[in-house]
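Bear in mind that the values in this text are calculations on the coordinates, not laboratory data. Quick caveat: nothing in here was measured; it's all calculated off a predicted structure. Neighbour counts run over all protein chains shown; Cβ positions are idealised from the backbone, glycine included.
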Amino acid sequence: MKRWQQWLVTGALLGMTVVGLAGCSWQGDTGDKDVLKVGAIGFASTLEPTENYFSWVVVRYGIGETLVKFNDTMRPEPWLATDWKVGDDQRTWTFTINDKVVFSNGRKVTAQAVKESLERTFEKSKRAKTFFAYESITADGQTVTIRTDKVYPNLPGILGDPLFLIVDVQAEREGRNFSVDGPIGTGPYVVTSFTKERAELKNNENYWDGNVPFKRVEVPAINDANTRALALQAGDVDIALNIGPGEYNLFTGNSDYIVEEVAGLRDVMVRMSQKGVLADPNLRAALIAGIDRASYAEKILRNTFVAGKAPLPPSLGYGFKQLMAPNPYNVEAGRNLLAQSGWIDTNGDGFVDKDGQNLVLEYYTYTARPELNLYAEAMQADYKKLGIDVHIHVVDYSLIDELAKSGDYDLMISSVVTANTGNPVWFLKQYWGSRENNPESLNGSGFANSRYDELLSIAESTLDTTTAHNAIVGAQQILLDTNAAIFLGYPKINMVGKSYMKGMHVSPSEYYVITKDLRKD
């Protein structure tokens, strides 16, 4: 039995609530200007940045920082690196490290420290190699030189992914256990204790980039969106991340709260297997035509989502309007597509069948993002109208990548950031690209298209922005034309805080949450 199957929980999702409050005691310090409390989803089981996607938490909590930082248009700007340049060969990149930067233990961040940190990431993370490969990394004073194996025009953006945050490897050699104690980074806060249910931080007395406003930060993991809203209303937290659609209107237009919202880079999508019964493109087309994505966004998610159509959200500007979706919502068309492939209800039980077998699909979701469960329930109901019996299974978030690689699903919903490096090529390659040269690919679906791979190769390596743009648009159209997946919608990212909070800002990247700019008035 596979590990993810051992964790499997199967059942109806209606009414299910996952609350990360066990063991937490919120005895209201929120009026204390020296203490910040933030209600967030808890998905990291350790703070080892090379494990899973846990580096996101290290950056979000203000513990670690990267060489570059993304602005609101996802352009990389200086952070730990003051500047960078590429040589005439387009493969030799030179980064100048800010001479003021020190780790939280007071040790200076030199080019050698950056070199060791990047090398550690590549040694420990298989995912690092899906972004780029290097021939050498050299250090000289405050200058780091990276020579890549081929041209990567977006290398600065790649290094802005939290996976490449800079840690003090020397501290690990001296005995620091990053998994248990957290990494030694350069951010405004230092972890004092961490579990999946709760993080506690203190101010970094050696912070290099100005004053740190809070002496203590507490982050209880509140995985249920309703409970996050209640905690904010009760004054148990100062800030709550991503209030759900059911409670969002309680805070908008309310002078007691500050609401920050931005069009995000996420795509909530359903990956469809192209094996077994779903090898039939008619069936996949029927699954796309049979759901009302506009209604989901408007009624179920109360306009906190934009209705889906393509792999990349409209906020990224990669041809969203010009892309043609061949299977718009049409229940009758869905039924006809099923009938063309021989799926008809021959015995009157309400489900289509063929060769004496009902059409049954196994649908996997996870609990870390509550909107996924809303989508799953809505789709299950719509597919019943088509005569398709859908079984919903809930797995732990930490097992999603393993499940994706295995391909042991019919349908699997995910919420994925599509341009985590400021460029969507990595996302498109990782989820639908060939696995031949990418063993860490999450494409276990069976999708394979040589023209798709060719377009992504062009987009990844060309120095011409127009050529790259057109290649990305063309690759998306192939996914739509082949019914490769269902693109459900694009969430708007929100952060809601008490009216006394200052310096709140929502980044489309979702990387920067607890920053040096947050304070209480």
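In this simple spin-label approximation, Ala339 and Asp140 carry label points 7 Å from Cα along the Cα→Cβ vector, and these lie 7.4 nm apart.
Amide H contacts of Asn204: Tyr189, Val190, each under 5 Å away and 5 or more positions distant or on a separate chain (H built 1.01 Å from N in the peptide plane; Pro and chain starts excluded).
Less than 5 angstrom separates the built amide H of Tyr366 from those of Val395, all sequence-distant by 5 or more or on a different chain.
Taking the Cα centre of the range 222-330 as origin and assigning +1 to Lys and Arg Cβ atoms and -1 to Asp and Glu Cβ atoms, the resulting dipole is close to 700 debye.
Computed from Cα atoms, the angle from the helix 331-340 axis to the main principal axis of the chain rounds to 70 degrees.
Stokes-Einstein, applied to the Kirkwood radius of the range 285-325 over Cα pairs at a viscosity of 0.890 mPa s and 25 °C, places its translational diffusion at 218 µm² s⁻¹.
Under 22 Å of direct C-alpha separation, and excluding same-chain neighbours fewer than eight residues apart, Lys202 reaches these lysines: Lys33, Lys37, Lys100, Lys108, Lys215, Lys498, Lys502, Lys516, Lys520. What is the angle, in °, between the Cα long axis of helix 450-461 and the longest principal axis of the Cα atoms in the chain? Nearest 10 is fine, range 0 to 90. Relative to the chain, helix 450-461 is tipped by roughly 20 degrees.
If you take the beta carbon distance between Lys108 and Thr192 as r and set R0 to 22 Å, what does 1/(1 + (r/R0)^6) give as a FRET efficiency, to the nearest 0.05? Computed FRET efficiency for Lys108 and Thr192: 0.40.
Remark on Tyr134: its backbone amide H falls under 5 Å from those of Asp149, a criterion applied only to residues 5 or more positions apart or on other chains, H modelled at 1.01 Å from N. Full extension of the segment from Asp481 to Asp389, taken as 0.36 nm per residue of separation minus the current Cα-Cα distance, would add 30.6 nm. Our summary of shape: the Cα atoms of the chain have principal axis extents of 74, 58, 44 Å, ordered from largest down, in whole angstrom. From its DSSP helices (H runs of at least four residues, each -39,500 (n - 2.57)), the chain gives a residue-normalised ellipticity at 222 nm of -7000 deg cm²/dmol. Estimated at 0.36 nm per residue, the fully extended path between His469 and Glu200 surpasses their Cα-Cα distance by 92.6 nm. Computed from backbone phi, the HN-Hα couplings of the range 512-519 come to 10, 10, 8, 10, 5, 7, 5, 7 Hz, rounded to whole numbers (Karplus: 6.51 cos²θ - 1.76 cosθ + 1.60, θ = phi - 60°; Gly and Pro given as x). Phi angles across the range 410-415 convert, under the Karplus curve 6.51 cos²θ - 1.76 cosθ + 1.60 with θ = phi - 60°, into 3J(HN,Hα) values of 8, 10, 8, 8, 8, 10 Hz, Gly and Pro given as x.
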